[in-house]
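See below for the structure under consideration.
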Amino acid sequence: MMPHHPATPARSPAPLPCGLEGAGASWEQLLHLLREFRDARDWKQFHTPKDLAAAIAIEAGELQERFLWKREEEIEALLATPAGKQGVVDELADVLICSLLLADRLGVDVGRIVAEKTAHNARKYPVAKAKGTAQKYTELE
């Protein structure tokens, strides 16, 4: 069993860059922010598809570790505390950041690929067969 992370201290959110203060930023705004951050540090040289894919898996593992060995009620208690929820949100942000950087590196439109994949999944999992079940599409009748 892996040791648990110490609780992430609650913190005030950092001020958002100009143009990102609203309810949500567009994919393009987020990519612009990430490119600026990366380029100011000369990190583009390290952002190969292989390394970004590995970073996604590693960050996803860190996200999963926040829930490892916890019962549902323990997870709810964790998420009910500002520090516990912030730790989960930070790991989720890392997964999203690496995913967006990989999409950018591959030159794909995030909105388009998400919409296309959702349409593909809708064909694989029609509501009439998939509603209320966690079965894989190959097991649906």
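The values are calculated or read from the model by the stated rules, or taken from the named source; none is laboratory data. Not measured: the values here are computed from a predicted model. Heads up, the Cβs are rebuilt from the backbone with ideal geometry, glycines too, and the neighbour counts pull from every protein chain shown. The accessibility values were calculated without ligands, DNA or RNA, using every heavy atom of the protein model including side chains. Shrake-Rupley method; radii C 1.70, N 1.55, O 1.52, S 1.80 Å.
Among the listed residues Ala103, Ala119, identify the single one that is in contact with a helix residue (DSSP H, G or I) (Cβ under 8 Å, 6 or more places away or on another chain), among the small types (Gly, Ala, Ser) and open to solvent by less than 60 Å² (accessible area, probe 1.4 Å).
Testing whether each residue is in contact with a helix residue (DSSP H, G or I) (Cβ under 8 Å, 6 or more places away or on another chain), among the small types (Gly, Ala, Ser) and open to solvent by less than 60 Å² (accessible area, probe 1.4 Å) leaves just Ala103.
Restricting to the stretch 66-96, name every residue that is in a helix (DSSP H, G or I), of a type in the set (A, V, I, L, M) and in contact (Cβ under 8 Å) with a residue 12 or more places away in the chain.
Leu78, Ala83, Val88, Leu92, Val95
To keep it simple, each residue is scored yes or no on (1) of a type in the set (Val, Ile, Thr); (2) within 28 Å of Glu65 (Cβ to Cβ); (3) in contact with an Asp or Glu (Cβ under 6 Å, 6 or more places away or on another chain).
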position	(1), (2), (3)
Pro82	no, yes, no
Asp94	no, yes, yes
Leu100	no, yes, no
Ala103	no, yes, no
Asp109	no, no, no
Val114	yes, yes, no
Lys129	no, no, no
Thr133	yes, no, no
Tyr137	no, no, no
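Rundown of residues vs (1) open to solvent by 80 Å² or more (accessible area, probe 1.4 Å); (2) of a type in the set (S, T, N, Q); (3) touching a helix residue (DSSP H, G or I) at 6+ places or on another chain (Cβ under 9 Å), yes/no style:
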{"residue": "Gln64", "(1), (2), (3)": "yes, yes, yes"}
{"residue": "Glu73", "(1), (2), (3)": "yes, no, no"}
{"residue": "Leu79", "(1), (2), (3)": "no, no, yes"}
{"residue": "Lys85", "(1), (2), (3)": "yes, no, yes"}
{"residue": "Val95", "(1), (2), (3)": "no, no, yes"}
{"residue": "Ser99", "(1), (2), (3)": "no, yes, yes"}
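Among residues of the stretch 106-141 being under 17 Å from the mean Cα position of the chain (by Cα) and among the small types (Gly, Ala, Ser), the one that is modelled with the lowest pLDDT is Gly111. Among the residues making up the stretch 33-61, a single one is over 14 Å from Ile97 (Cα atoms) and within 13 Å of the chain's Cα centre (by Cα): Gly61.
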